[in-house]
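Asker: Quick one: structure below, then a few questions.
The values are calculated or read from the model by the stated rules, or taken from the named source; none is laboratory data. What you see is a predicted model, and the numbers here were worked out from it, not measured in a lab. A quick note on method: Cβ atoms are made from the backbone with ideal geometry, for glycine too, and the neighbour counts reach across all protein chains shown. Note: accessible area is taken over every heavy atom of the protein model, side chains too, but ligands, DNA and RNA are not part of it. Shrake-Rupley method; radii C 1.70, N 1.55, O 1.52, S 1.80 Å.
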Amino acid sequence: MRVINLSEGASVSQEALDGQSLYSKSLLRVYDFGVNVVSNSLIWKCPSENLVKHYDKNVTDGHLDVGPGSGYYLDKCNFPTVFPEISLMDLNENPLQFTRERLGYIRDVFAYKANVLSAINLDKKFKSIGLNYVLHCLPGNMDDKSVVFRNLKPLLDDDGVLFGSTILYDLAEKIPLAKCLADFYNKKRVFTNKEDTLNGLEKALRESFDDF
């Protein structure tokens, strides 16, 4: 698969590199069980079926998935057409390759290597953009992360939708197991979400979108 590199020449912080470097091919092989089977249901209290339904409701035939992970939701969701055009975007090429192989039955799949914390030089519009389990891995607080919405907005059709999910620390800390795992991931620099709050997310969305 050809990966189009949109990040060439752009500076990337060490914190951003740390957040995505974990996703090796070997980890992606067990990701579904660890995250989509165990953690979502037992720790975060949001079964993966809920997220698949979220995709079913919002995904279109011209879709960009940012940080696709293992490609689980793209594989499980129902596209509104038999021949969707799917684009993948990540700073790490492993999830791009892994997801493309998983979606081998879909003809039109394109891959872009890019840092969503920087301006994205892509002259293309999408009807839907998925941002699933990305924000809590990015460095900084929610004000810092809000640049992601500003960077992705130019890629969205005027009547398009950006959707996804994230783990907010102020909600996770209300569940003892969730707080323990979030603390562990923050210590290992897998997560950087101790300052991520629902109010902060709503503020970031309000600054970029009229309807959210």
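Asker: Please identify the DSSP H helices in the chain that span no less than 30 Å along the helix axis (Cα) and have a mean Kyte-Doolittle hydropathy of 1.6 or more. Working shown, then result.
Answerer: Details: long enough: none.
None clear 30 Å together with a mean of 1.6.
Asker: May I ask for the longest run of the chain untouched by GluC sites (Glu not before Pro) that are loop-located per DSSP and have at most 16 neighbouring C-beta atoms (other than their own) within 10 Å?
Answerer: Here the longest run is 9-172.
Asker: In whole percent, what relative contact order does the chain give with Cα contacts below 8 Å and a gap of six or more residues?
Answerer: 22 percent
Asker: Starting from the coordinates of the alpha-carbon atoms of region 91-132, obtain the Kirkwood hydrodynamic radius over all distinct pairs and give the value in Å to one decimal.
Answerer: 12.0 Å
Asker: Next question. Heavy atoms only, probe 1.4 Å: what % of the accessible area of the chain goes to carbon and sulfur, would you let me know?
Answerer: Within the chain, the accessible surface is 51 percent carbon and sulfur.
Asker: Tell me, which longest segment in the chain has none of the trypsin sites (Lys or Arg not before Pro) that fall in DSSP loops with at most 16 further Cβ atoms within 10 Å?
Answerer: Maximal segment without exposed cleavage sites: 46-106.
Asker: Work out how much length residue 76 to residue 53 would gain on full extension: take 0.36 nm times their residue separation and subtract the Cα-Cα distance, in nm to one decimal.
Answerer: Between residue 76 and residue 53, full extension yields 7.3 nm more.
Asker: Same structure, new question: Could you please put 70, 41 in sequence from largest to smallest accessible area, using a 1.4 Å probe? Can you show the working numbers first?
Answerer: Numbers: 70 0, 41 45 Å².
Heavy-atom accessible area, descending, gives 41, 70.
Asker: Calculate the spin-label point distance for residue 159 paired with residue 198, positioning each point 7 Å from the Cα along the beta-carbon direction, and give it in nanometres.
Answerer: 3.2 nm
Asker: I've got another one for you. Looking at the chain, I'd like the Rg to Rh ratio, where Rg is from alpha-carbon atoms and Rh is Kirkwood's inverse mean 1/r.
Answerer: Result: Rg/Rh = 0.93.
Asker: While we're on this one: Relative to the Cα centre, what is the charge dipole magnitude of the chain, using +1 at the beta carbon of each Lys and Arg, -1 at the beta carbon of each Asp and Glu, and rounding to the nearest 20 debye?
Answerer: The dipole of the chain has a size of about 560 debye.
Asker: Using 7 Å Cα-to-Cβ label points, what is the residue 173/residue 108 separation (nm, one decimal)?
Answerer: 4.6 nm
Asker: Still on this structure, please answer the following. So which of 25/187; 25/125; 127/174; 153/194; 76/124; 113/187 end up more than 31 Å apart, counting from Cα to Cα?
Answerer: 127/174
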